[in-house]
Amino acid sequence: MNTKTTVISEAELRRQAEIAQYIKEFWEKQGKTPVAFVDTYGCQQNEADSEQIRGILETCGYGFTDTAEGADLVVINTCAIREHAAQRVFGNVGALVHTKRRHEGQKIFICGCMMGKPEISERMKNSYRHVDGIFSPHHLWELPEHLYRVLIRHRKVYAVADSAGVIAEGLPVVRTNRLKAWVSIMYGCNNFCSYCIVPYVRGRERSRRPEDVLEECRSLIAQGYKDLTLLGQNVNSYGKDLGLGVDFADLLEQVAQLDGEFTVRFMTSHPKDASRKLFDVMAANDKIARQFHLPFQSGNDRILKAMNRHYDSAQYRALIDYGRSVMPEIVFTSDVIVGFPGETEAEFEDTLRLVEDVRYDALFTFIYSPRPGTPAAELPDPTPKEEKSARFERLLALQNRISEEKHKEYIGRTLRVLIDGREDDCLTARTDGGRLVRLQTADETRIGQFAQARITDATTWSLIGELAE
Ligand code: 5AD
Ligand code: SF4
């Protein structure tokens with residue numbers, strides 16, 4: 001495995017930009033505005049990558065459509081985290097044979113995490129002859145060149161060479177939302193949790209320089225973005241590779257001190273690196289959302305060890321307690337895996353107990369999915385599928401009860417919200433913790449503004465409120 005991060009030079013980025021310009025002129029000469037369909041699977045990091053893909057495609061002259069039918073270019077940005085997501089991708093890529101037949105000249109690219117696994121990208125290359133190009137996350141920045149090869153040289157592209165990962169600054173971006181923006185602060189992961197494929201497909205941890213992150217945030221705020229999410233697989237290890245003495249809490253504080261009216265949040269945090277300093281910085285800065293996504297994965301210490309997580313449930317609980325002691329209003333959310341190989345009924349009950357004690361606002365629950373090449377996939381796994389599903393349902397029922405109770409607790413409170421749209425005769429808004437609030441007003445001029453909302457009622461999925469000014 002290659003272990004050295006490559007920072008893409010300005011000269012190389014300029015060369016890609018020149019190729020993009022060439023492609024744009026190629027289309028202009030034909031008197032045509034080509035359209036691209038970019039389909040995204042998986043997490044926020046993939047969403048952010050797709051925004052860069054759209055940004056690059058725009059510089060190549062492309063407009064956008066939301067279906068593969070009739071698109072001149074289809075880009076499928078894949079996710080490898082669980083078997084189910086991977087299966088869906090294979091199914092959908094298979095179906096593109098027909099769309100391609102109906103639209104002469106359609107080109108198809110497959111990228112994203114699945115293409116970071118050589119076994120999978122080779123299967124894609126060998127079994128799906130209608131695919132024109134394949135590239136892994138490390139080769140996204142070269143998209144103009146990939147497109148040039150396919151479109152103009154009529155060749156196929158297979159860019160999956162192993163790498164510890166790259167940092168390419170200043171790639172163009174087309175953002176999907178005009179109020180909320182992702183800001184990647186680092187890429188990759190060094191943790192090698194025993195069940196997880198991410199470190200194999202996204203390379204080693206590498207941080208962007210603080211001044212580059214701050215500059216991007218400054219520019220987003222100036223453009224009117226109100227809700228920034230700092231993104232990384234494990235934001236808490238930000239900066240360790242830079243050696244500048246700036247850790248994540250420092251970076252977050254610097255972002256929160258930028259001028260303008262905005263909220264900043266972050267994900268994802270690994271409990272082993274989440275520091276009390278980070279909670280203190282949050283408590284001291286109003287612009288940081290009172291929300292913390294802190295995946296615990298399992299409530300049992302033997303399982304946590306087998307997962308290679310480097311914390312135990314007592315340490316985890318202590319972090320939550322500390323967070324609540326400095327910010328009573330903080331919203332915690334988490335990820336949890338049910339049915340890790342060898343998990344017993346008693347071990348699963350430790351997970352239920354943790355969920356019951358912490359009372360998360362929301363929980364993202366997953367049934368363990370073996371990923372070939374990870375250590376956990378080699379472990380004996382005697383628990384039947386039905387038993388795992390039954391555990392999953394029990395966990396879900398518990399969390400649904402807690403979510404509902406928590407929803408009711410909001411009634412009577414006044415919260416800061418960001419008004420983000422209109423639905424029928426209501427305005428829709430989000431709390432700091434990401435809850436949907438339907439506001440009983442139709443004053444569209446308020447969209448894009450922060451407001452105080454008094455919560456008057458709650459349904460299972462949303463809160464009802466009124467403006468409290
Ligand atoms: N099986 C099930 N869930 C997984 N996750 C990561 N790898 C797996 C896997 N092999 C979950 C973890 C992680 C979230 C993004 O996906 O809970 O936090
Ligand atoms: Fe996967 Fe663990 Fe890294 Fe998260 S911290 S991406 S679960 S290896």
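Nothing in this text is a laboratory measurement; each read-out follows from the coordinates by a stated rule. It should be emphasised that the depicted structure is a prediction, and the values quoted were computed from it without experimental measurement. Positions of Cβ are backbone-derived with ideal geometry, glycine not excepted, and every protein chain shown enters the neighbour counts.
Here is how the numbers come out for the structure above:
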item: Charge dipole of the range 177-408 about the Cα centre (unit charges at C-beta), most positive-ward option of V201, C189, V338; result: V201
item: Full-extension gain in nm, E405 to R178, via 0.36 nm per residue minus C-alpha separation; result: 78.5 nm
item: Separation in nanometres of the label points that stand 7 Å from Cα toward Cβ, at A318 and K277; result: 1.8
item: Pairs beyond 20 Å (Cα-Cα), from K287/K408; K240/K287; K240/K277; K100/K156; K277/K408; result: K287/K408; K240/K287; K277/K408
item: Degrees separating the helix 345-358 axis from the principal Cα axis of the chain, which is the longest one; result: 70
item: Fully extended contour minus Cα-Cα distance, from E469 to A164, at 0.36 nm per residue; result: 104.6 nm
item: Net lengthening on full extension, H130/D335 (0.36 nm per residue, minus Cα-Cα); result: 70.1 nm
item: Alpha-carbon centroids, the range 244-299 and the range 30-94: separation in whole Å; result: 31
item: Two-site FRET efficiency, L436 against V35, from Cβ-Cβ distance with R₀ of 30 Å, rounded to 0.05; result: 0.40
item: Over the chain - Rg/Rh using Cα atoms and the Kirkwood inverse-distance radius; result: 0.97
item: DSSP-assigned coil residues among chymotrypsin sites (Phe, Trp or Tyr not before Pro) in the range 184-221, each with at most 16 further Cβ atoms within 10 Å; result: F192
item: Environment charge of G105, counting only residues whose C-beta is closer than 13 Å and scoring Lys/Arg +1, Asp/Glu -1; result: +2
item: Estimated [θ] at 222 nm from DSSP helical runs (n ≥ 4, -39500 (n - 2.57)) normalised by residues in the chain, nearest 500; result: -11500 deg cm²/dmol
item: GluC sites (Glu not before Pro) within the range 1-71: DSSP coil, no more than 10 neighbouring Cβ in 10 Å; result: none
item: Efficiency of FRET from Cβ geometry, S389 and E349, R₀ 25 Å, rounded to 0.05; result: 0.90
item: FRET efficiency, 1/(1 + (r/R0)^6) with R0 25 Å, evaluated for Y22 and E211 via beta carbons; result: 0.20
item: Nearest-ten-degree value, helix 83-102 long axis tilted from longest Cα axis of the chain; result: 30
